[in-house]
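S.K.: Here it is: the structure, laid out below.
The values are calculated or read from the model by the stated rules, or taken from the named source; none is laboratory data. Keep in mind that this is a model prediction, so the values were computed, not measured. As a convention, Cβ positions derive from the backbone with ideal geometry for all residues, glycine included, and neighbour counts pool all protein chains shown.
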Amino acid sequence: MHEHLLTSDPSREDRVKVHWWYLKTAKEKLQFKALCKRGLSPAMAVGSVSKPGQYPHAAMPLSVQDNFPSTPGKAKMERNNYFGFTKITSRWHSSISAKFSFWLVVLVFLLAFAVFRLKFSGIHTIGHVSLLTDPWVKHVKHSCHVKRDDGLVVLVTGSAGFVGSHVSLYLKKRGDGVLGIDNFNNYYDPSLKAARRALLEKQGIFVVEADINDAALLQTLFSLVSFTHVMHLAAQAGVRYAMENPGSYVHSNIAGLVGLFEACKNANPQPAVVWASSSSVYGLNRKVPFSEFDRTDKPASLYAATKKAGEMIAHTYNHIYGLSITGLRFFTVYGPWGRPDMAYFFFTKAILEGKTINVYQGPNGVELARDFTYIDDVVKGCVASLDTAQRSTGSGGKKKGPAQLRMFNLGNTKPVTVPDMVKILEKHLKRKAHINIVSMPRNGDVPFTHANITLAQRQLSYNPTTDLETGLKKFVHWYRSYHSNSDKSRSRP
Ligand SMILES: NC(=O)c1ccc[n+]([C@@H]2O[C@H](COP(=O)([O-])OP(=O)(O)OC[C@H]3O[C@@H](n4cnc5c(N)ncnc54)[C@H](O)[C@@H]3O)[C@@H](O)[C@H]2O)c1
């Protein structure tokens, strides 16, 4: 049809074809051919034979129209006159550039994402909790708010426990920042732990429900808060339960302790640690009163062995990492909000219910005796230990010098026999106990405990003031009111 119009320029050839097919009438096609033969560009030819605006492509300025590539794969980069930008005028080239731009954008995005992850790694989320926005973070920070000059910021582990709840309340009351952590295990009735937690929350103390073996969580807490001190009271307590569930002692008292020390040693700044060991480390010692300088290599129970192991582990973390560590050997702590697995507690329950209690006797009819220590006295000893603790010397896992390492007995120095303790309970409960005397089984119990507290007196100004008579009176008062309240709430619809 228009073969004679074709030239060696394939680009022009294509444009002629396109325009020729666009033209509607035979007359227009003839004129178009003639003009093209004369060497006019196809676009100009179309413009000349048609009315203005009839063929949009014809109306285009030549400079623009000729810039459209007619042949795929041809490469040509040039300045666009209209916009002043470099314009990609070939498909081949534009596809390369587009790919390049695309991968550049992807790379920039990945880099930005990596930087963001690095910056917030470990503290951005726990499970589904976004640490940047979640109310959980606000609770943590609010709980750690200090309200007195030079106040401490203390992480209290085992805060829903007996001693932990009392220490937390004391610290909060005097204006220190306090954050609790407890796994609320069911070693004894968890509803008592929940009630203690409610008490703490009323005073603005937040208790994180978690296990101290959760390294990521501990790391998160230390990233969120600069704790000056850790009061470590979380543990598997009780001597007899070790024969039933030995793993729980290893889990909390050894693995948990190591996990906690790891978090403390990695923290920057490192906190000073005060933690609960136990009078049970004196084991089968016969020399009384028990002194911190006595040997403690004859534990009578797995519980005692894990506490002794804890003391050795504490030495290691002090020696290698410069952690300031104070261990406290508690002697049979008792009082309001106490532990239901302890004799004074379950004797009270049994006496009130009219049930028989087993009172153990040692060899040759020797009565067992305990250095019962009232909770308020123990709390004072704990707080004095926090207040006198020197700073850790390391930071971020590196030791910078020798650090403080201490061990104190926190006892009452006035042991009372178990039958005498039962008599005091009978008096306050106004009930007679049904007593069954039995020989002490081999379950890890020791015949007596008696603390020498000279060291704590000297260095902590620790002076227990509550005798067993007074302390048990307070306990019985609390026991009655707690149980009448919980009975009432249980009977509520
Ligand atoms: N009460 C005493 O007479 C006595 C005597 C000697 C030593 N101690 C020691 O004092 C500390 C406090 O004892 P307590 O009488 O308050 O006991 P407790 O059982 O009432 O308190 C311990 C708390 O720690 C929590 N816990 C246990 N394992 C945990 C874990 N892995 N992660 C998080 N939380 C965990 C428990 O849920 C509990 O609430 C313990 O270390 C105990 O061994 C107590």
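S.K.: Only residues that are touching a strand residue (DSSP E or B) at 6+ places or on another chain (Cβ under 7 Å) and either of a type in the set (S, T, N, Q) or over 21 Å from Asp189 (Cα atoms) (or both): list them for region 159-177, please.
M.R.: Scanning region 159-177 gives Ser159, Ser168, Leu171, Lys172, Asp176, Gly177.
S.K.: Still on this model: Of all the residues that make up region 368-398, how many are surrounded by fewer than 20 Cβ atoms within 10 Å (Cβ to Cβ) and touching an Asp or Glu at 6+ places or on another chain (Cβ under 8 Å)?
M.R.: 0
S.K.: Condition check: surrounded by fewer than 14 Cβ atoms within 10 Å (Cβ to Cβ), modelled with pLDDT of 95 or more and of a type in the set (Lys, Arg). Does Arg458 satisfy that?
M.R.: Spelling it out, Arg458 is indeed surrounded by fewer than 14 Cβ atoms within 10 Å (Cβ to Cβ), modelled with pLDDT of 95 or more and of a type in the set (Lys, Arg).
S.K.: Right, another one. Give the residues of region 277-324 that are within 16 Å of the ligand (Cβ to nearest atom) and basic (Lys, Arg), sorted by residue number.
M.R.: Correct list: Lys307, Lys308.
S.K.: Just one of Ser226, Ser248 is over 20 Å from Gly327 (Cα atoms) and within 8 Å of the ligand (Cβ to nearest atom); which is it?
M.R.: Exactly one residue qualifies, and that residue is Ser248.
S.K.: A further question follows. Listed residues Gly338, Gly327; which is under 25 Å from Asp377 (Cβ atoms), within 16 Å of the ligand (Cβ to nearest atom), of a type outside the set (S, T, N, Q) and not assigned by TED's automatic domain parsing to the domain that holds Arg196?
M.R.: Answer to the check: Gly338.
S.K.: Which residues, taken from region 191-213, are surrounded by fewer than 22 Cβ atoms within 10 Å (Cβ to Cβ) and near the ligand (Cβ under 8 Å from one of its atoms)?
M.R.: Ala210, Asp211, Asn213
S.K.: Also, quick follow-up: Provide a single number: the residues in region 162-184 that are farther than 10 Å from Arg196 by Cβ, more than 6 Å from the ligand (Cβ to nearest atom) and either in a helix (DSSP H, G or I) or free of Cβ contacts under 8 Å to residues at least 24 places away in the same chain (or both).
M.R.: 5
S.K.: In region 224-272, what residues are farther than 17 Å from Ser168 by Cβ, within 15 Å of the chain's Cα centre (by Cα) and part of a loop (DSSP other than H, G, I, E, B)?
M.R.: Across region 224-272, the qualifying residues are Ser226, Ala267.
Residue by residue, here is whether (1) farther than 28 Å from Leu152 by Cβ; (2) surrounded by fewer than 24 Cβ atoms within 10 Å (Cβ to Cβ) holds:
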{"site": "Gln236", "(1), (2)": "no, yes"}
{"site": "Ser248", "(1), (2)": "yes, yes"}
{"site": "Leu257", "(1), (2)": "no, no"}
{"site": "Asn266", "(1), (2)": "no, yes"}
{"site": "Arg295", "(1), (2)": "yes, yes"}
{"site": "His315", "(1), (2)": "no, yes"}
{"site": "Tyr334", "(1), (2)": "no, no"}
